[in-house]
Amino acid sequence: MTENLPGYISILFILTTFATVGFLFYAVRQIGTKTTAAAILVGAVSFWFFFTGAAALSGFYAVTDTLPPRLFLFGALPSLLLIAIYFVFFRTDFVEKLPLSTLTLLSIVRIPVEIVIYLLFQNGLMPEAMTFQGWNYDILSGISAPVIFLIAFRGGKMNRPVLIVWNLAALALLIIIVTTAILALASPLQQIAFDQPNRAVLAFPFVWLPAIVVPIVVFSHLVSLWQIYKNKKPAN
């Protein structure tokens with residue numbers, strides 16, 4: 001599927017995935033890595049990183065006639081369940097302590113993600129609707145992240161209105177592209193982009209987009225919005 005893809009595209013995405021996981025682990029490190037919640041998260045993310053990569057290399061996700069799609073059951077769903085577990089069981093002693101400043105900067109990774117998506121479109125592995133030429137404006141979240149960081153945490157104080165608006169807007173943009181990606185996925189659920197479906201995420205390393213990168217970004221927004229709601233002062 002990706003045999004003829006220029007190597008630099010895969011390398012760029014691998015580095016982007018490492019950066020995304022790195023941001024998350026750095027946020028965890030800032031509040032301490034010796035807690036049960038931190039150990040479980042680091043272990044689970046590391047395991048899922050290698051499991052999904054190995055499964056993609058074996059061609060497991062390339063089987064597209066199953067319902068629900070394998071990519072959902074053995075890619076995105078476990079990551080989303082992990083997020084739910086943390087909000088249910090580790091909300092007070094972990095979720096509410098993560099540094100909002102780091103989670104805000106994490107969205108910078110969306111810039112190279114969108115560049116990779118565009119390059120995959122040019123190589124016939126993703127539809128135009130998933131790019132910034134189509135319905136995807138998620139790159140704006142990445143571009144604005146450092147600006148929001150500077151505005152929202154100026155002087156060691158948290159600007160709640162700015163963070164609320166930005167996180168809600170960035171989350172909305174993410175929901176739009178995720179919905180588009182699902183509707184364009186080469187699967188029984190496909191509704192759009194039949195001439196050039198979303199196939200790249202079924203192969204290595206791009207399976208990490210729905211399995212690792214998107215869930216971490218979703219987690220960062222949900223944590224931020226929850227902390228703002230609880231009016232917790234972020235750690236910097």
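The values are calculated or read from the model by the stated rules, or taken from the named source; none is laboratory data. These numbers come from a predicted model, not from an experiment. FYI the Cβ positions are ideal-geometry reconstructions off the backbone, even for glycines, and counts take in every protein chain you see.
Can LEU77 be described as buried (at least 16 other Cβ atoms within 10 Å of the Cβ) and hydrophobic (A, V, I, L, M, F, W, C)?
On the way: buried (at least 16 other Cβ atoms within 10 Å of the Cβ): no; hydrophobic (A, V, I, L, M, F, W, C): yes.
No, not satisfied.
From the list ASN167, ASN123, exactly one residue is in contact with a helix residue (DSSP H, G or I) (Cβ under 8 Å, 6 or more places away or on another chain), surrounded by 21 or more Cβ atoms within 10 Å (Cβ to Cβ), of a type outside the set (D, E, K, R) and modelled with pLDDT of 95 or more. Which is it?
ASN167
In this structure, does PHE204 turn out to be of a type in the set (Phe, Trp, Tyr), part of a helix (DSSP H, G or I) and surrounded by 15 or more Cβ atoms within 10 Å (Cβ to Cβ)? Talk me through it step by step, then tell me what you get.
Details: of a type in the set (Phe, Trp, Tyr): yes; part of a helix (DSSP H, G or I): no; surrounded by 15 or more Cβ atoms within 10 Å (Cβ to Cβ): yes.
For PHE204, the condition - of a type in the set (Phe, Trp, Tyr), part of a helix (DSSP H, G or I) and surrounded by 15 or more Cβ atoms within 10 Å (Cβ to Cβ) - is not met.
Given (1) at pLDDT below 95; (2) surrounded by fewer than 20 Cβ atoms within 10 Å (Cβ to Cβ), identify the lone condition not met by ASN136.
Unmet condition: (2).
Can you find, within region 26-40, the residue that is surrounded by the fewest Cβ atoms within 10 Å (Cβ to Cβ) among those that are β-branched (Val, Ile, Thr) and assigned to a helix (DSSP H, G or I)?
Looking at the filtered set, the residue picked out is THR36.
All but one of (1) outside any loop (DSSP other than H, G, I, E, B); (2) under 27 Å from GLY7 (Cβ atoms); (3) not hydroxyl-bearing (Ser, Thr, Tyr) hold for ASP195, so report the exception by its number.
(1)
Out of all the residues in region 172-192, which are part of a loop (DSSP other than H, G, I, E, B) and polar (S, T, N, Q)?
SER187, GLN190, GLN191, listed by residue number.
For THR2, only one of the following conditions fails: (1) surrounded by 15 or more Cβ atoms within 10 Å (Cβ to Cβ); (2) more than 21 Å from the chain's Cα centre (by Cα); (3) at pLDDT 95 or above. What is its number?
(3)
Take region 16-51 and flag every residue that is among the small types (Gly, Ala, Ser) and in contact with a Leu (Cβ under 8 Å, 6 or more places away or on another chain).
Answer for region 16-51, where residues must be among the small types (Gly, Ala, Ser) and in contact with a Leu (Cβ under 8 Å, 6 or more places away or on another chain): ALA27, ALA44.
If a residue must be exposed (fewer than 15 other Cβ atoms within 10 Å of the Cβ) and in contact (Cβ under 8 Å) with a residue 12 or more places away in the chain, how many such residues does region 144-161 contain?
3
Taking region 41-63, which residues are closer than 18 Å to THR20 by Cα, surrounded by 16 or more Cβ atoms within 10 Å (Cβ to Cβ) and free of Cβ contacts under 8 Å to residues at least 24 places away in the same chain?
VAL42
Would you mind stating whether LEU222 is surrounded by fewer than 20 Cβ atoms within 10 Å (Cβ to Cβ) and within 22 Å of VAL45 (Cα to Cα)? Before the answer, list the steps.
Values: surrounded by fewer than 20 Cβ atoms within 10 Å (Cβ to Cβ): yes; within 22 Å of VAL45 (Cα to Cα): yes.
Yes.
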